[in-house]
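K.L.:
Take a look at the following structure, please.
The values are calculated or read from the model by the stated rules, or taken from the named source; none is laboratory data. This is a predicted model, so every value here is computed, not measured. Here the Cβ is made from the backbone with ideal geometry for all residues, glycine too, and neighbour counts use every protein chain on show.
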Amino acid sequence: MNHLEIEVKFYLSDISAIRYCIIELGAENRGQVFETNIRFEDDGKNLIRNKSLLRLRKDTKTTLTYKSEPRSKDNQYKIFRELEVEVSHFSTMKRILESLGFREEQRYEKRRETFILKDTLLCLDSMPYGDFLEIEGSKEQIKKLALQIGMRWEKRIVLNYLAIFDIIRKKTNVPYSKITFDNFKNINVNMNQYLHLIEVGSYE
């Protein structure tokens, strides 16, 4: 198995309207979760240098994920090789990784509602800085569903949430590296100011 994760994102100004469209298409609701994510790094920052990600996530379960770029690149979609395993204990796994020489580099939170339509995963994500739709599946189904939902294909985003935050942080001097809802309580982010920096159609 090649364990490829293929997805795109869209920024949502009205998440409720998109949720209604997804339900109207007949998607199965898999429920809502609150996520706590930790991105790990080594002292030499070799993971980010190699465009890889080591992440520990806690929602209704705990998962450890490693992502790396595939050999063949496709700028039309966000594509990574993904290896993921469920573990039994969040804090214990964190201590194991730290004992192996990794350290917590960044922490981020997310509220996620997940839908399944055929073999495609649709996630409504509320980040501390804005709302997004993430579609994961085959290339053909991703584009087909995006258009059915009413998204403009040129508005898709192939960056991850940490890269989006990094752009916002550089432009606004947000004093935090942790992307938590508490940190953003008194910060109003106007995502419309940054869409030209993150949407594919702006630089194709």
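K.L.:
Confirm whether I135 is touching a Cys at 6+ places or on another chain (Cβ under 9 Å), hydrophobic (A, V, I, L, M, F, W, C) and in contact (Cβ under 8 Å) with a residue 24 or more places away in the chain.
P.N.:
Spelling it out, I135 is indeed touching a Cys at 6+ places or on another chain (Cβ under 9 Å), hydrophobic (A, V, I, L, M, F, W, C) and in contact (Cβ under 8 Å) with a residue 24 or more places away in the chain.
K.L.:
Which pairs do you get when a residue that is closer than 26 Å to E154 by Cβ, found in segment 176-200, comes within reach of a residue that is among the aromatic types (F, W, Y) and modelled with pLDDT of 95 or more, reach meaning Cβ atoms under 8 angstrom, with the pair 6+ apart or on two chains?
P.N.:
Here the result reads V189/Y129; M191/Y11; M191/Y129; L195/Y11; I198/Y11; E199/Y11, each pair linking segment 176-200 to a residue that is among the aromatic types (F, W, Y) and modelled with pLDDT of 95 or more.
K.L.:
Looking only at segment 90-120, which residues are of a type in the set (S, T, Y), part of a helix (DSSP H, G or I) and surrounded by 17 or more Cβ atoms within 10 Å (Cβ to Cβ)?
P.N.:
none
K.L.:
Among the residues that make up segment 148-157, is at least one of them in contact (Cβ under 8 Å) with a residue 40 or more places away in the chain, within 25 Å of S52 (Cα to Cα) and either part of a strand (DSSP E or B) or touching a Pro at 6+ places or on another chain (Cβ under 7 Å) (or both)?
P.N.:
Yes, there is a match, as at least one residue in segment 148-157 is in contact (Cβ under 8 Å) with a residue 40 or more places away in the chain, within 25 Å of S52 (Cα to Cα) and either part of a strand (DSSP E or B) or touching a Pro at 6+ places or on another chain (Cβ under 7 Å) (or both).
K.L.:
Going by the structure shown, is T65 free of Cβ contacts under 8 Å to residues at least 60 places away in the same chain, farther than 18 Å from R30 by Cα, in contact with a strand residue (DSSP E or B) (Cβ under 7 Å, 6 or more places away or on another chain) and not in a loop (DSSP other than H, G, I, E, B)?
P.N.:
yes
K.L.:
Name the residue, out of L54, L47, that is assigned to a helix (DSSP H, G or I) and touching a strand residue (DSSP E or B) at 6+ places or on another chain (Cβ under 7 Å).
P.N.:
Result of the check over L54, L47: L47.
K.L.:
Related question: Failed condition for N188, given (1) within 17 Å of I6 (Cβ to Cβ); (2) exposed (fewer than 13 other Cβ atoms within 10 Å of the Cβ), with all others met?
P.N.:
Answer for N188: the failing condition is (1).
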